[in-house]
Amino acid sequence: MVTIYRKKYRKKDLRPHSDSETKREMGTIWNSTCPIQKNPFLFPSLTKKYANSFCNFTNKSVQISCKLPGSEVEENYTSRSVSSNKMEEYNLAMKRMTRNPYEYHHDLGMNYTLITENLIVGSQPQKAEDIDHLKKEEKVAFILNLQQDKDIEFWGIDLQSIVRRCSELGIHHMRRPARDFDPDSLRGVLPKAVSSLEWAISEGKGRVYVHCTAGLGRAPAVSIAYMFWFCGMDLNTAYDTLTSKRPCGPNKRSIRAATYDLAKNDQWKEPFENLPDYAFADVADWERTLIQDRVRGLRDT
């Protein structure tokens, strides 16, 4: 669970806050960091081999940035009771279908994590002002949205205003929809989504913001697949690299299955479902080259 804390963090601050205190404190927040208690299960160690790879991984301490405009605190605060039912419904579905303990808190605004110097993974932008923030504070030049239309409608997001603001600020907005909590849908979308991500990063015009709804499943899966296929890592290293920065539980099997689909060059190859759990968690050099060529070939599809 992501929580917001004040700059001067004292032991007495752990006391329950009144509603008036909560609103007052939330009004001072713009781009603070949200600490997650370190846990050996949530923060696997990162091997030195990939610590300074050509993908430019950051050496910053683990942090999640939360954007909450002070001018809209009252609206956010009073709407919490309205959105709480939706959050509870969404989080129950996420826990049931993914078997992960993570939660999404829409009322705290957009949150995100810098994974590499040119890649950010986060939750959905909620309003046009979030795009202003990403442009000004994070130098974002591309946004890759993995949500389906029904995801956006569920949260009442005005996507057109967000896309319009992206255009006004020169941010390239892309969509590669995948069904939420559906590993088969994710498997099918991964190659094209990674193709869009790889193209955006290769352009070198600014950072790429990859998001789904909560930034805990589809978005990190696409980013992990990119690191696996294009940054010279095996799957476990790519997975640990991202989840050590942003605790989440993307579907590893979907990434292995998409890797199998791309590396398959023999129609008689044994079906993926018959393979052991470690299959395609790593690939040979020639397979990685084949995967990269096939992914790049999907750019215009």
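The values are calculated or read from the model by the stated rules, or taken from the named source; none is laboratory data. All figures in this text were calculated on a predicted structure; none of them were measured in a lab. With ideal geometry, Cβ positions are generated from the backbone for all residues, glycine too; neighbour counts draw on all protein chains shown. All accessible areas refer to the heavy atoms of the entire protein, side chains included, with ligands and DNA or RNA removed. Shrake-Rupley method; radii C 1.70, N 1.55, O 1.52, S 1.80 Å.
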Next item on the list: Please tell me if Leu134 is surrounded by 15 or more Cβ atoms within 10 Å (Cβ to Cβ), over 13 Å from the mean Cα position of the chain (by Cα), at pLDDT 95 or above and hydrophobic (A, V, I, L, M, F, W, C).
Entry: yes
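Give the residues of the range 249-269 that are among the aliphatic types (A, V, I, L, M) and farther than 30 Å from Ser65 by Cα, sorted by residue number.
Ala257, Ala258, Leu262, Ala263 - these are the residues of the range 249-269 that are among the aliphatic types (A, V, I, L, M) and farther than 30 Å from Ser65 by Cα.
Do the conditions hold for Ser202, that is, is it assigned to a helix (DSSP H, G or I), open to solvent by 40 Å² or more (accessible area, probe 1.4 Å) and in contact with a strand residue (DSSP E or B) (Cβ under 8 Å, 6 or more places away or on another chain)? Spell out the reasoning first.
On the way: assigned to a helix (DSSP H, G or I): yes; open to solvent by 40 Å² or more (accessible area, probe 1.4 Å): yes; in contact with a strand residue (DSSP E or B) (Cβ under 8 Å, 6 or more places away or on another chain): no.
When the stated conditions are applied, Ser202 does not pass them.
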Item checked: Condition broken by Asp277, with the remaining ones in (1) assigned to a loop (DSSP other than H, G, I, E, B); (2) more than 24 Å from Met97 (Cβ to Cβ) satisfied -> (2)
Checklist line | Residue list for the range 273-301, restricted to those being open to solvent by 90 Å² or more (accessible area, probe 1.4 Å) and out of contact with any helix residue (DSSP H, G or I) (no Cβ under 7 Å at 6 or more places or on another chain) | finding: Glu273, Asn274, Asp277, Tyr278, Asp285, Trp286, Asp293, Asp300
Margin query: Anything in the range 205-248 that is over 15 Å from Ile64 (Cβ atoms), among the small types (Gly, Ala, Ser) and not in a helix (DSSP H, G or I)? List them, or say none.
Written below: Gly206, Gly217, Gly232
Note to self: Going through Ala128, Ala141 one at a time, which residue ends up being touching a Lys or Arg at 6+ places or on another chain (Cβ under 8 Å) and free of Cβ contacts under 8 Å to residues at least 60 places away in the same chain?
What the structure shows: Ala128
Next item on the list: Residues being polar (S, T, N, Q), more than 27 Å from Trp155 (Cα to Cα) and open to solvent by 10 Å² or more (accessible area, probe 1.4 Å): count how many of those fall in the range 209-266.
Entry: 4
Note to self: Considering only residues that are of a type in the set (Gly, Ala, Ser), more than 13 Å from the chain's Cα centre (by Cα) and under 17 Å from Thr289 (Cα atoms), which ones fall in the range 219-241?
What the structure shows: Gly232
